[in-house]
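Quick note: the coordinates plus some simple rules give every number you see, no bench work behind them. Source: prediction; values computed, not measured. Cβ placement follows ideal geometry from the backbone for every residue including glycine, while neighbour counts extend to all protein chains displayed.
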Amino acid sequence: MPAPAEADDDDEPLKPATEGIRGFLNRVTGGAFRLGPSVREAEKRVLVAVQEGFEALIRQSTWTRGVGILVANKKGTAGKTPVAISLGGVIAAIRGGSVAIAEAADDRGQLAYRAEGDPQLGMGELVSNISTVRTQSQLRGYTVTQTSFASVIGSTPRWRAPLTRQNVLDVASIVDEHFTVRVWDTGNQYSSGPFSAAVDTSDVLVIPTMNSMDSVFDALELLEFLKAQGGDAARLAETAIVVRLSDGRPEFKASRVKKYFTDQGITEERMYSLPFDAHIAERGALTLDRLAPATRQALTAVAAGVVSQLNVNVFEKDQQKQNHEGQKR
């Protein structure tokens, strides 16, 4: 017969099994045996505890200003838009909203298409009318609220003029007045004005990449580009978080991909992997609740890593700014 539940002297008593045959025996005997959990149930409990820790970090982290997350990789189909939507969605779902996911691409991107809803107004209309937008209610007229409670500012099917650097700076300013977290879904041209503005208004860089040569090498090029800029751009590269996705096609070995990034200073603690998910692979509108449980768990770990890095980067960036202003006085 299985041994009763035990615990180390310094640990809390191990809760009896509630699942499987052990849980059944505990119930029918009124808890007389107090049988311990199986290995499977014990592992499940550990996973739940870890996930609860991630969620607590995401929910309880606070900042004294709006914070920005930059999702970038020059390679198209690297997973930028799915990661922007799902990462922002997880953070919004856990924090209860106050997350805006916005397009920062020169030309109309896929953000609105991959998000839920049918926007009547979007990024093009917002930049045209931004001088009249003063309240959260007005700003929300240019967003589409997701079932995750994130707010998406993409582009409507109508043609819009290419964004400028000033457009992106203006949108960042108004979004940060009314949302706590801003996620930029960027384009593919690093030298463009919108991309430089997205860099300048971000606190953490997230690089999605497929496990393929072209996607990985474009991600490495981004790191080198930002490091060459120095200052806050270099800080983004030095503290970047890499998210590896799988789309079912042949791939590099994970160890080889990781080595490329570790050679660029990205520690393994800042590299995450998302499993293949059929809902993401459909390339249609993304709904957080339709993601597989394993994908949702992996995204929660990514979100916790991003928020943890935000806590460090925002503090250091703001402290540096305060010191600089003090020296000017």
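Remarks
- Selected from Ala298, Ser308, Gln327, residue furthest toward positive end of dipole (the stretch 277-329; charges at beta carbon): Gln327
- When the helices of the chain are scored as -39500 (n - 2.57) per DSSP H run of n ≥ 4 and the total is divided over every residue, the value at 222 nm lands at -15000 deg cm²/dmol.
- Column: log10 I(q)/I(0), Debye, Cα scatterers of the stretch 81-179, q = 0.17 Å⁻¹: -0.68
- Selection among Ser137, Ile153, Met210 by position relative to the dipole of the stretch 129-230 gives Ser137 as farthest towards the positive end (Cβ unit charges, Cα centre).
- Legend: calculated FRET efficiency, Leu169 to Ala228, from the Cβ-Cβ distance at R0 = 25 Å, rounded to 0.05, equals 0.70.
- Out of every Cα-Cα pair that the stretch 135-289 contains, those further apart than 26 angstrom amount to 37 percent.
- Max mean-square fluctuation residue, GNM over the chain, Cα-Cα springs under 10 Å, options Gln136, Gln146, Gln319: Gln319
- Two-decimal Rg to Rh for the stretch 129-210 - Kirkwood Rh, Cα set: 0.95
- The chain, dipole about Cα centre (Lys/Arg Cβ +1, Asp/Glu Cβ -1), debye to the nearest 20: 480
- Counted as membrane-span-like here are DSSP H helices of the chain whose alpha-carbon atoms extend 20 Å or more along the helix's own axis and whose Kyte-Doolittle mean is -1.0 or above; these are 39-60, 80-95, 165-178, 213-229, 293-328.
- Partners of Lys15 within straight-line reach, counting lysines whose Cα lies under 28 Å from its Cα and excluding those fewer than 8 residues away in the same chain: Lys44.
- Annotation: lysines with alpha-carbon distance below 25 angstrom to Lys74 (same-chain offsets under eight excluded): Lys227, Lys253, Lys258, Lys259.
- Evaluated with a Cβ-only charge set (Lys, Arg +1; Asp, Glu -1), the stretch 141-296 carries a dipole of roughly 340 debye about its Cα centre, given to the nearest 20.
- Note on the chain: with a GNM built from Cα contacts shorter than 10 Å, the maximum mean-square fluctuation among Ser137, Ser86, Ser148 falls on Ser137.
- Separation of the Ala301 and Glu221 label points, Cα + 7 Å toward Cβ, nm: 3.0
- Calculated P(r) tail over 33 Å for the chain, as whole % of Cα pairs: 32
- Among Gly88, Gly53, Gly30: highest mean-square fluctuation, GNM of the chain, C-alpha pairs under 10 Å: Gly30
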